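J.: Can you read through this structure? Questions will come right after.
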Amino acid sequence: MANVVLKNVTKIFPGGVVAIKDATIEVADREFLVIVGPSGCGKSTFLRVIAGLEELTAGEIYIDGKLVNDVPPKDRDIAMVFQNYALYPHMTVFDNMAFGLKLRKFPKEEIRQRVHEAARILGIEQLLDRKPKALSGGQRQRVAVGRAIVRKPKVFLFDEPLSNLDAKMRVQMRAELSKLHNRLKATIIYVTHDQIEAMTMGDRIVVLKDGMIQQVADPMTLYDSPVNKFVAGFIGSPAMNFIDGKLLRDGALYFDEGTFKAKVPDEIASHLQAFEGKEITLGVRPEVIQEKTDKIGLEIVPFKAKVEVVEPMGNETIVYVTTGKTPIVARLIARKDLKPDSDVEFVIDMTRVHFFDPSNEKTIV
Amino acid sequence: MLILLFINLLPLGVMLSVSLKGEGSVLRSLADLIPKQITFAHYAEVLSSGRFARYFLNSTIVAIAVVAGNLIFAPMAAYALLRSDSKVTRIFLVLVIATMMVPKHIMMIPLFTMLYRMHLIDTYFALVLPFLVDAFNVFFVYQYLKTIPHEIEEAAFMDGASLANAFFRVVYPVLKPALAVVATNTFLINWNSFLLPFVLTSSDKVRTLPVGLAIFSQGEHSTDWSLLMAGSILAAVPTIVIWIRSQKIAQSMLASR
């Protein structure tokens, strides 16, 4: 296995579309790195430049310490699993998996052994004689993974491999890929638009927006300490609530939304002095908002809202409400029998909120 | 549907009818379509003549060579035009399409002059070389290639394939349905071609069936229609067999995609 280093990598497509802008990152040996971002943010291009399928406009890529800018894909010793699996339709599953080994002139017996070993790990031994058209989506996905692992390459690249599967199969394959990573001890770079996949699978996550790396961190750091409003809004489902308001001093520091006021805890207030009297954005995760109980303190702030939509999930309830000015999503930790159009009182735990600078969308605290 | 079938099969019926009639009997009306007396004498005459066998062999050699050329070069040209997407290749594609709009008759004299200067008139090369890559075949395969996901080639590159390996071992086999159409069309067009082989040959040594039959059945003052029709029926057998077979092959290949 190997590490992958990108130094000031830029990719500009003909016509001036900037897909990656000055990206620098080091993927450690045996790390599971997930690249996540919305459609069109350049995450697939990221993989393709590492694979050598796209030429770089600027920058350097090192695999296992070797500069590979001018090395063709076939000589980079990388395996890639494509979104649509890209299985060879005229070959059987065995031949699909054996193709790379045959090209590298491996002995027949070793090819047979490696393919059967990979098929056993993935549970597709009984499918080896079938053609891809006779396989289900999940089976095709396994074959595509099998084709990658038989070669024992230095680095695995996964380009949204689960996005064509149904929800149940996706959850199952997610766990299987994580197990596979533990088993192979491989360096994996995995691209997805699904932040749940990113959070559950990655050792570290790269959040991309418009070709620029926004933040690189482990999943919990990303969730708890996003560097800007984009990362905060992208990681977490349902997404973080952003509530625009003003910071006012009335003895203590208060966040004033217009329809409700919330006291800012002292330890947070000390970071916000430059914003007194100014516009500011409050970021609140849905689980930080709960239905009002008797337990109201200085930092557990109540506000009134009208219920718009209720989504009972069984173990929790997602409620879409509005304060009259701001739409808010709350994740209530129990089953709640709330009716649309009813007025309900909620509380925000102000010790667990974030503040963002509206001018540059960076996190203040 | 039945009317269309009747219209399409009528010429074949006329050919068959005339070829089976005795000498001097001609077709005056539709009522004469069914011969009163059937004779295979014309078929025997055609088959016993060494010239027919020669024409048949020439047609087979030329058709196979041209089909093979198109099966190799048309996909290669189409692949190059599609994948090396640049201003130059786009101009080439337009030029390829443009050649489809030029009638063959206009190319006849320049083609003859060119081959004459190369001393290739009345050789197999004259009947094969100019037809090794047909513009329609290039365009047809180009369009088919567009429907094949680029990722399977990229997967081959990642597996360690060179461009040639990716093309011949991954892309080419996937083109089979299109290539079946190319092979059938090219064979049929070439097998039936009359004008250019007529102009480019001058001896029985390389004459193909349509040209040979036309000359073979010509008397000093008249045409032996029965002989010509018997030869034509025999010449049509391979095309009919190939057409029926290729239809089934193309259908099964398309269904298995």
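J.: Applying the Karplus parametrisation 6.51 cos²θ - 1.76 cosθ + 1.60 with θ = phi - 60° to the phi angles of the range A:338-350, what ³J(HN,Hα) value in whole Hz is obtained for each residue in order, glycine and proline being reported as x?
T.: 9, 10, x, 6, 8, 8, 10, 9, 10, 10, 10, 8, 6
J.: Summing -39500 (n - 2.57) over the DSSP H runs of n ≥ 4 in the protein assembly as shown and dividing by its residue number, what mean residue ellipticity at 222 nm do you reach, to the nearest 500 deg cm²/dmol?
T.: After summing the helix terms and dividing by residue count, I get -13500 deg cm²/dmol.
J.: Need one number: buried accessible surface between chains B and A, 1.4 Å probe, both sides summed, DNA, RNA and ligands left out, in Å² to 100.
T.: 1800 Å²
J.: Per residue of the range B:49-61, what does 6.51 cos²θ - 1.76 cosθ + 1.60 with θ = phi - 60° give for ³J(HN,Hα)? Whole Hz please, x for Gly and Pro, Karplus curve as stated.
T.: Values, residue by residue: 7, x, 5, 4, 4, 5, 4, 4, 5, 4, 4, 5, 4 Hz.
J.: Something else about it: List the lysines whose Cα sits under 28 Å from the Cα of A:Lys105, skipping any in the same chain fewer than 8 residues away.
T.: A:Lys66, A:Lys74, A:Lys131, A:Lys133, A:Lys152, A:Lys154, A:Lys185, B:Lys176
J.: At 0.36 nm per residue, minus the direct Cα-Cα distance, what do A:Thr24 and A:Glu308 gain on full extension? Give it in nm, one decimal, please. Mind showing how you got there, number by number?
T.: Details: separation 284, 0.36 × 284 = 102.24 nm, distance 4.39 nm.
Extending this stretch completely gives an extra 97.9 nm.
J.: Given the options B:Val88, A:Val155, A:Thr92, identify the residue whose Cα lies farthest towards the positive end of the charge dipole of the protein assembly as shown (+1 on Cβ of Lys, Arg; -1 on Cβ of Asp, Glu).
T.: A:Thr92
J.: Here's a follow-up. How shielded is A:86-94 by partner chains, expressed as the average number of their Cβ atoms within 10 Å of its Cβ atoms?
T.: For peptide A:86-94, the averaged partner shielding equals 5.
J.: Lysines near A:Lys304 by alpha-carbon distance under 20 Å, same-chain residues fewer than 8 away left out - which ones?
T.: List returned: A:Lys246, A:Lys261, A:Lys263, A:Lys292, A:Lys295, A:Lys325, A:Lys336, A:Lys339.
J.: Follow-up question, since we're still on this one. If the elastic network links every pair of Cα atoms under 10 Å, which of A:Gly65, A:Gly202, A:Gly137 fluctuates the most in the Gaussian network model of chain A?
T.: The residue with the greatest mean-square fluctuation here is A:Gly65.
J.: Given the options A:Val284, A:Val81, A:Val321, which has the most mean-square fluctuation in a GNM of chain A, springs set between C-alpha atoms less than 10 angstrom apart?
T.: Highest fluctuation among the options: A:Val321.
J.: If you don't mind, there's one more thing I want to ask. How many Cβ atoms of partner chains, on average, are near each residue of B:144-155 if near means within 10 Å of its Cβ? Each step should come with its number before you reach the end.
T.: On the way: counts 0, 0, 0, 0, 1, 5, 3, 9, 8, 2, 8, 15.
Per residue, the number of nearby Cβ atoms from other chains is 4 on average.
J.: Relative to the longest principal Cα axis of chain A, at what angle does helix A:137-149 sit, 0 to 90 degrees, rounded to 10?
T.: Taking Cα atoms only, the helix is inclined about 60 degrees.
J.: What full-extension length gain, to one decimal in nm, is calculated for B:Ala98 and B:Ser86 as 0.36 nm per residue of separation minus the Cα-Cα distance?
T.: Here the segment from B:Ala98 to B:Ser86 would lengthen by 2.5 nm.
J.: Within 10 Å of each Cβ in A:96-107, how many Cβ atoms from other chains are there, averaged over the peptide?
T.: Per residue, the number of nearby Cβ atoms from other chains is 3 on average.
J.: Given the protein assembly as shown, what percent of its DSSP beta bridges are antiparallel, to the nearest 5? Intermediate values should be presented prior to the final figure.
T.: Values: 60 of 78 bridges.
The answer is about 75 percent antiparallel.
J.: Going 7 Å from the Cα of B:Thr239 toward and past its Cβ, which residues in the range B:189-207 have a backbone nitrogen under 16 Å from where you end up?
T.: Taking a point 7 Å out along Cα→Cβ of B:Thr239, the residues of the range B:189-207 whose backbone N falls under 16 Å are B:189-198.
The values are calculated or read from the model by the stated rules, or taken from the named source; none is laboratory data. All values reported here derive from a predicted model rather than from experimental measurement. Glycine gets a Cβ as well: all are built from the backbone with ideal geometry, and neighbour counts include every protein chain shown. All accessible areas refer to the heavy atoms of the entire protein, side chains included, with ligands and DNA or RNA removed. Shrake-Rupley method; radii C 1.70, N 1.55, O 1.52, S 1.80 Å.
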